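Data block below; observations after.
Nothing in this text is a laboratory measurement; each read-out follows from the coordinates by a stated rule. As the structure is a prediction and not an experimental result, all values here were calculated from the model. All Cβ positions, even for glycine, are placed from backbone atoms using ideal geometry, and neighbour counts span all protein chains on display.
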Amino acid sequence: MNVLIATDMEGITGIDDAGDCLPSHPAAYARGRKLMTDEVLTVVDALRDAGAGRISVGDWHMVGTNVERERMPDGIEVRPIAELALVEAEPSLTKAHGGPLDAVVFVGHHASTPNPRGFSSHTFIWDMEVLLDGRSLNEVQVYAQGLAAEGIPVLAASGDRWMLEELGKEELGNARLVPTKEGRGRAQASSFDIDSTRTELAAAVTGALAAPLQPPPARSYPAELRITVEGEELAKTTVSEPSDLLTTIATVFRTSRVSREYRQLAKLLPAGHNSRARKVQRRLGSLVATPVMRSKERHWLASAQ
């Protein structure tokens with residue numbers, strides 16, 4: 001079985017301060033990267049113990065330079081989200097994996113932008129909202145429609161309990177759901193016990209692999225899609241089927257003004273091999289980006305109060 005571990009950062013166990021997720025807070029971010037990598041390795045070990053085949057890690061936080069690649073076992077490729085967001089015209093979870101895909105594990109995800117209780121709540125970027133027939137979706141709900149189109153099941157999904165509560169009944173098929181923390185608003189969270197949560201996550205993956213798998217169901221289509229940023233409408237259109245949703249969102253993002261800063265960040269924090277030169281480049285890029293990131297961070301946190 002070929003499995004993609006699609007990991008974000010804000011829903012990782014032990015990450016309880018917004019600064020843990022941001023390169024503009026170097027010491028906190030270094031701690032966050034370690035916790036994120038630890039949790040990904042928990043899932044890698046569970047998958048390998050259960051006999052999974054090719055495993056890839058989708059680093060889906062910011063531009064995708066968060067997982068400590070040097071700690072990944074041989075044969076585990078880490079693929080940054082920037083490749084899908086900026087390059088791929090028709091993104092899919094299979095393309096994110098880089099080959100045939102049989103199942104996905106969502107690790108460390110967060111609630112949608114308007115959720116007042118969610119830790120670091122946002123949808124793809126700060127202050128962006130994705131509404132399908134008037135209902136605000138979180139990122140996992142969007143990805144679920146891509147999986148519905150491809151007929152690919154979710155083994156497990158972990159993250160902030162408020163993200164999990166946004167999901168409808170069996171919205172991820174028969175995936176096992178693992179809460180890692182409880183958000184206390186956008187800036188803070190209270191994580192559950194790290195060791196217990198990782199044990200639960202590993203057991204969820206193992207249990208899912210031993211049971212019949214069911215892909216996420218498709219929503220009702222055609223459906224009206226609205227995308228807003230800071231209340232400004234970027235797009236209002238109709239999507240005709242599940243496969244259109246992720247493609248339309250990516251196209252709107254890539255062609256709108258909001259991608260300009262994301263592209264600049266991707267240049268400052270390039271993904272790829274962890275050579276000494278690349279590490280220095282990312283360190284310098286983080287220093288350059290910090291003033292702008294800190295300013296946007298303050299605005300983002302204040303907008304949720």
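Straight-line reach from LYS169: which lysines fall under 25 Å, measuring Cα to Cα and dropping same-chain residues less than 8 apart?
Cross-link targets: LYS181.
For segment 136-277, with only Lys/Arg (+1) and Asp/Glu (-1) charged at the beta-carbon, what is the dipole magnitude about the Cα centre, in debye rounded to 20?
In total the dipole reaches around 560 debye.
Of MET1, MET62, how do they rank once you tally other Cβ atoms within 10 Å and put the fewest first?
Starting with the residue having the fewest Cβ neighbours, the order is MET1, MET62.
For the pair GLU182 and GLU261, how long in nm is the line joining their label points, each one 7 Å along Cα→Cβ?
In this crude label model, GLU182 to GLU261 measures out at 3.2 nm.
What list do you get for ILE249, ILE12, ILE152 if you sort them by fewest beta carbons within 10 Å?
With the fewest neighbours first, ILE249, ILE12, ILE152 line up as ILE152, ILE249, ILE12.
Could you please state, rounded to a whole Å, how far the C-alpha centre of segment 192-254 is from the C-alpha centre of segment 139-170?
5 Å
When averaged across all projection directions, what area in nm² does the alpha-carbon convex hull of the chain cover?
That works out to 13.9 nm², a quarter of the Cα hull's surface.
Considering the zone a paramagnetic label at SER220 would reach in this model (a point 7 Å from Cα along the Cα-to-Cβ line), which residues of segment 102-136 have amide N under 19 Å from it?
Hits in segment 102-136 for SER220 at 19 Å: 131-136.
What residue among VAL63, VAL252, VAL78 shows peak mean-square fluctuation when the chain is described by a Gaussian network model with Cα springs under 10 Å?
The residue with the greatest mean-square fluctuation here is VAL252.
Would you calculate the separation in nanometres between label points at ASP195 and ALA235, each defined as 7 Å from the Cα along the Cα-to-beta-carbon direction?
Taking the two extended label points, one gets 4.7 nm.
What number, rounded to the nearest 500 deg cm²/dmol, is the helix-based mean residue ellipticity at 222 nm of the chain, given -39500 (n - 2.57) per DSSP H run of at least four residues and division by all its residues?
Value at 222 nm, helices only, nearest 500: -12000 deg cm²/dmol.
Taking the chain as a Gaussian network, Cα atoms linked when under 10 Å apart, which of ALA210, ALA52, ALA202 shows the biggest mean-square fluctuation?
Among ALA210, ALA52, ALA202, the largest GNM mean-square fluctuation belongs to ALA210.
Efficiency by 1/(1 + (r/R0)^6): what FRET value for GLU68 and GLU90, r their Cβ-Cβ distance, R0 = 45 Å, to the nearest 0.05?
That pair, GLU68 with GLU90, gives E of 0.90.
Rank these for me by crowding, TRP60, TRP126, going from fewest to most other beta carbons within 10 Å.
Ranking TRP60, TRP126 by Cβ neighbours within 10 Å, fewest first, gives TRP126, TRP60.
For a quick check, take a GNM of the chain with Cα springs below 10 Å and name the residue from VAL292, VAL44, VAL107 with the largest mean-square fluctuation.
Most flexible of the set in this elastic network: VAL292.
Can you spot the lysines whose alpha carbon is less than 27 Å from LYS267's alpha carbon? Ignore those fewer than 8 places along the same chain.
LYS34, LYS95, LYS279, LYS296
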